[in-house]
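To start, the structure under review is shown below, and the notes come after it.
The values are calculated or read from the model by the stated rules, or taken from the named source; none is laboratory data. Just so you know, these numbers come straight off a predicted model, no measurement behind them. Positions of Cβ are backbone-derived with ideal geometry, glycine not excepted, and every protein chain shown enters the neighbour counts. Accessible surface areas use protein heavy atoms only, side chains included; no ligands, DNA or RNA. Shrake-Rupley method; radii C 1.70, N 1.55, O 1.52, S 1.80 Å.
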Amino acid sequence: MGGAGLPAVGANTVAETIKFGTDGWRGVIADDFTFPNLRRVALGTVTFLKKTPPTKPGPILIGYDRRFFSKTFAQCVGGILKQNGIAVKIASSPTPTPAISVSVVSHRSPWGIMITASHNPAIYNGFKLKEGSGRSAPMEVTQQIESLIPALAPGGSIENDSVTLPTFDYLTDYETYLRRRLDMKTLMSFRAKVVLDHLHGVAAGIPETLFKKSQLTFYSLHAQADPLFGGLHPEPIESNLKTMHDEIRQRKALVGFAFDGDADRLGAMDEKGNYLTPHQVFPLLLLYSIEHKGWKGKVVQSVSLGALGERIAKAFNFPFEEVPVGFKHIAQRMISEDILAGGEESGGYAFKGGLPERDGILSALFFLEMLAVTRKTPSQLLKAMEKRFGAARFKRRDIPLKQPITDKERFSKDIASRLPNRIAGSTVADIRTGDGVKIVLADGSWVLMRPSGTEPLLRTYAETDSWTRTDRLLAMTRDWVNGASA
């Protein structure tokens, strides 16, 4: 590839349109996530960077996860940036996405790039862009880059892309950030057994190293690098965490934490091996932030997160807002308003004083701090919270599709037009189609159907006051999608 970044002769295949989803561009490796397409995205990014005056003097930082060819993909992007006169550094080792955000801030970089497909299956990879504040690039930026991506797939080879790039070590900055955000004195002296399921992702070794001289005992699962994730799906939801459940019970551990492939999402289990949904984890951390940390401010959460966060916010007379799915909507509020806490249903959380970015590792250690300060088990804290603010019986199920739903507005209108007036014994109080279809019932229960922005899946969510009613609502969504009468 030449220094000007022009397509090579003989490599003029017209490629498909590339679209950014809720957090970056993702695709199936060797299908749509290919070196030619990645070069196109890199060139679109180069054009955007040259048209946009940098707000900070540092180099563009590039990180990558443990997926197949992630480092080589990162070198490809870095090589194209460098050949086009843009200062760039690449991580010296696989990197958590939140650590890239921390490094971007500490290095005073205007932008960061992360090669990862986050929680998606092993066949996927992706490209994320981070702003100088640490947050994901907003839609207006990704739309500009989309419009600047060349239609021709430029020529090149792995050898041509592999120019020598300067490196940076993210770990020192990230460990410093974690220490500043946590009550380290209390945590270091806390005696507890903790199970960590890394799901073969980049979180492996970070909590263990940070607390190697503490009284904590960690039992680490799936810590070795494996681009196939050991056949596991690297998403920290209940169906993927049986091994952690068994380990908690065998070790008699206090708590278990699991992380997705790039460590920006958290899954948790209590001392009995019961899965704690994000609808329970977020309000627990929110309540701890208010009553033990003394923090104040607005609470913001995604449309797919449950009712407890809103109830707690209203109980303390704090402002509350529900936003569309995608942490970028929460991050936007964090840089422009006084935000106490932000949370999303997929297990991404951020709190006052931190970066406008979800962080699975920090959230896990913050949860552990809560246990250390309160000297209570997760189940004890949950029982006390639900006694005060009500129960949240939430589940999510993904319905596989033959192909992604591209016309989400049409899908939402079609589903809404076929709904009955009563569902699961309660009257339909509201139908919201701003982000999928959310059906709110008169008794406060709700169900949401939302096409994935990254995979051929329909994500369905439901929350009621009992597991039976939650399962019933989720079962009905499949009938609605198939066109059957509910």
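Relative to the longest principal Cα axis of the chain, at what angle does helix 327-336 sit, 0 to 90 degrees, rounded to 10?
Taking the Cα atoms of the chain, the angle to 327-336 is about 90 degrees.
Not counting the cut sites, what is the longest span of the chain without trypsin sites (Lys or Arg not before Pro) that DSSP labels loop and that have at most 10 other Cβ atoms within 10 Å? Walk me through the intermediate numbers first.
Details: sites that count: ARG191, LYS212, LYS213, LYS252, ARG375, LYS402.
Within the chain, the longest run free of exposed trypsin sites (Lys or Arg not before Pro) spans 1-190.
Leaving out ligands and nucleic acids, and using a 1.4 Å probe, what accessible area per residue does the range 85-223 come to in Å²?
On the way: 5060 Å² over 139 residues.
Value for the range 85-223: 36 Å² per residue.
Largest first and in whole Å, give the semi-axes of the range 128-254's equivalent ellipsoid, each being the square root of 5 times a Cα gyration tensor eigenvalue.
On the way: eigenvalues 267, 88, 52 Å².
Ellipsoid semi-axes (Å, largest first): 37, 21, 16.
For the range 364-466, what is the largest minus smallest coordinate of the Cα atoms on each principal axis, given in angstrom and ordered from greatest to least?
50, 33, 20
Per residue, how much accessible surface does the range 261-343 expose to a 1.4 Å probe? Answer in Å², no decimals.
Values: 2510 Å² over 83 residues.
Result: 30 Å² per residue.
Note the angle between two axes, namely the Cα long axis of helix 378-389 and the longest principal axis of the Cα atoms of the chain, as a number of degrees from 0 to 90, rounded to the nearest 10.
The angle comes out at about 70 degrees.
Carbon and sulfur: what percent of the range 187-336's accessible surface (1.4 Å probe)? Could you put the intermediate results ahead of the total?
On the way: 2620 of 5510 Å².
Reported share for carbon and sulfur atoms: 48 percent.
I'd like the antiparallel share, as a percent to the nearest 5, of DSSP beta bridges with both residues in the chain. Could the numbers behind the result be given before it?
Values: 46 of 74 bridges.
Just about 60 percent of them are antiparallel.
Using each residue's phi in the range 56-70, evaluate 6.51 cos²θ - 1.76 cosθ + 1.60 at θ = phi - 60° and report the 3J(HN,Hα) Karplus result to the nearest Hz, with x for Gly and Pro.
9, x, x, x, 6, 9, 10, x, 7, 9, 9, 5, 4, 6, 4
So, with a 1.4 angstrom probe, what is the percent of accessible area on the range 362-409 that is carbon and sulfur?
Details: 1320 of 2580 Å².
The computed percentage sits at 51.
Out of these labelled values of semi-axes √(5λ) of the Cα gyration tensor in Å, [x] 112, 30, 17; [y] 51, 29, 22; [z] 36, 29, 20, which was calculated from the coordinates shown here?
Answer by label: [z].
Using amide H atoms built in the peptide plane, which far-off residues or other-chain residues are under 5 Å from ILE339 H to H?
Placed amide hydrogens put LYS298 under 5 Å from ILE339.
Heavy atoms only, probe 1.4 Å: what % of the accessible area of the range 16-78 goes to carbon and sulfur, would you let me know? Display every interim value, and only then the final one.
On the way: 1310 of 2350 Å².
Taking all protein chains in place, the range 16-78 shows 56 percent carbon and sulfur surface.
Over the range 372-486, give the accessible area per residue in Å² for a 1.4 Å probe, as an integer.
Values: 5910 Å² over 115 residues.
Value returned for the range 372-486: 51 Å² of accessible area per residue.
How tilted is helix 242-251 with respect to the longest principal axis of the chain? Cα atoms for both, answer in degrees (0 to 90, nearest 10).
Tilt relative to the chain: about 60 degrees.
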